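Written out below as structure tokens is the structure these notes cover.
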Amino acid sequence: MTPEALAELAARAVADAEAAVDPAQLEAVRRRFLGRRDGELTRAGAQMAAAAPAQRAALGRAFNGAKAEVEAALDARARQLAASVDTERIAAEWMDLTRLDESWTPGRLHPITRVLREIEAIFRQLGYAVVEGPEVESERFNFELLNIPAGHPARDSHDTLYLSDDVLLRTHTSPVQMRTMLEQPPPIRIIAPGRTYRRDNPDQTHFVMFHQVEGLVVDEDVTVADLKGTLLTFARSMFGHEREIRLRPNYFPYTEPSMEVDVSCFLCGGAGCRTCHHRGWIEILGSGMVHPQVLRNGGVDPERYRGFAFGMGPERIAMLKYGIEDGRELTLDDVRFLHQF
């Protein structure tokens with residue numbers, strides 16, 4: 001082994017290192033020349049023990065220089081390959097967020113969102129303001145001011161989600177009506193959409209968290225005829241201009257008289273079908289004239305003012321409007337379901 005042979009061996013190793021196209025090839029070059037047992041440069045170094053003593057110093061310098069040159073070439077190529085891999089990965093992962101890919105499909109509004117927006121649009125056209133309130137309420141606003149006394153079944157812990165003795169997740173959006181009456185004098189014309197909560201077992205028509213839209217009108221000379229005309233306009237705007245409504249007596253603590261409201265079936269036109277249970281009518285909401293005591297609780301003089309209120313469930317309206325048989329589908333995160341609308 002001579003210094004010239006070591007230089008030639010190093011030159012060959014450097015050339016192979018520079019020609020490596022990936023980390024695996026580069027590692028193969030490293031093992032071929034610098035492997036501990038059978039590397040070509042390693043074996044050349046072992047041969048120096050058989051050289052004459054006068055030649056060992058020169059061979060040692062030549063060997064160390066060759067080994068350093070090869071190692072430097074291997075390390076330099078390794079950095080180049082690593083940088084190339086990062087560049088390719090970045091190029092592959094790069095995305096132009098301003099460009100619409102042809103494979104992308106447009107999003108869809110959730111049916112409940114669609115219904116809520118439609119309800120709000122209808123009542124805004126009728127001159128109603130949209131008002132929101134807290135979802136965590138006190139018993140005072142959720143029950144007492146609404147003429148729901150202690151011991152009423154609606155206040156039972158089996159139905160209501162209490163956070164403490166007198167704090168709960170609101171069971172309806174009616175507290176927003178009370179807050180509005182206490183904050184502003186009549187005339188009042190509002191709807192109050194929002195999430196509400198009940199302790200219930202979810203099934204096809206019941207939910208733990210669901211939405212409500214409640215309406216309130218307080219003014220002089222308000223009558224049941226005003227309530228019926230308002231709800232008829234709403235029903236025809238939501239379900240079709242040929243729809244009719246009917247009012248049926250019922251009982252709610254915060255209205256007197258109280259009425260359930262049915263709309264003529266928009267699928268069969270009143271002839272009778274599966275959706276309307278062959279009755280020709282579909283229940284859509286509850287309503288009534290605001291109880292005089294509720295007006296007093298809201299700081300309104302019932303001798304001068306009267307009012308009406310109504311409440312509806314967007315989930316139920318969405319199910320009716322879009323033919324959804326199982327309400328639990330409204331809570332799924334399946335994009336295929338949304339793409340139907």
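Quick notes on this one:
- Any hit, the stretch 45-52, residues being more than 30 Å from residue 341 (Cβ to Cβ), at pLDDT 80 or above, of a type in the set (Gly, Ala, Ser) and not assigned by TED's automatic domain parsing to the domain that holds residue 315: no
- Qualifying residue in the stretch 282-290 (condition: assigned to a loop (DSSP other than H, G, I, E, B) and assigned by TED's automatic domain parsing to the domain that holds residue 174): no
- Considering 107, 127, the condition of being more than 30 Å from residue 162 (Cβ to Cβ), touching a strand residue (DSSP E or B) at 6+ places or on another chain (Cβ under 8 Å) and part of a loop (DSSP other than H, G, I, E, B) is satisfied by 127 alone.
- Selection count, the stretch 281-326, where residues are farther than 18 Å from residue 238 by Cβ and modelled with pLDDT under 90: 2
- Test: residue in the stretch 89-101 that is of a type in the set (Phe, Trp, Tyr), loosely packed, with under 10 Cβ neighbours inside 10 Å and within 21 Å of the chain's Cα centre (by Cα): no
- Checking the stretch 152-170 against the condition returns no match, with no residue being without any contact (Cβ under 8 Å) to a residue 40 or more places away in the chain, in the same structural domain as residue 251 (by TED's automatic domain parsing) and in contact with a Pro (Cβ under 6 Å, 6 or more places away or on another chain).
- Residues in the stretch 168-187 that are polar (S, T, N, Q) and buried (at least 23 other Cβ atoms within 10 Å of the Cβ): 173, 174, 177.
- Hits in the stretch 152-194 (condition: outside any loop (DSSP other than H, G, I, E, B) and more than 30 Å from residue 302 (Cα to Cα)): 162
- Restricting the stretch 102-155 to residues that are basic (Lys, Arg) and more than 29 Å from residue 324 (Cα to Cα) leaves a set whose member that is surrounded by the most Cβ atoms within 10 Å (Cβ to Cβ) is 155.
- The lone criterion from (1) modelled with pLDDT of 80 or more; (2) outside the structural domain of residue 187 (by TED's automatic domain parsing) left unmet by residue 87 is number (1).
- Filtered by the rule that a residue be exposed (fewer than 14 other Cβ atoms within 10 Å of the Cβ) and under 13 Å from residue 70 (Cβ atoms), the stretch 13-30 gives a lone residue, 15.
The values are calculated or read from the model by the stated rules, or taken from the named source; none is laboratory data. Just so it is clear, the structure is predicted and the values come from calculations on it, not from any experiment. Glycine also receives a Cβ, built like all others from the backbone with ideal geometry; neighbour counts cover every protein chain displayed.
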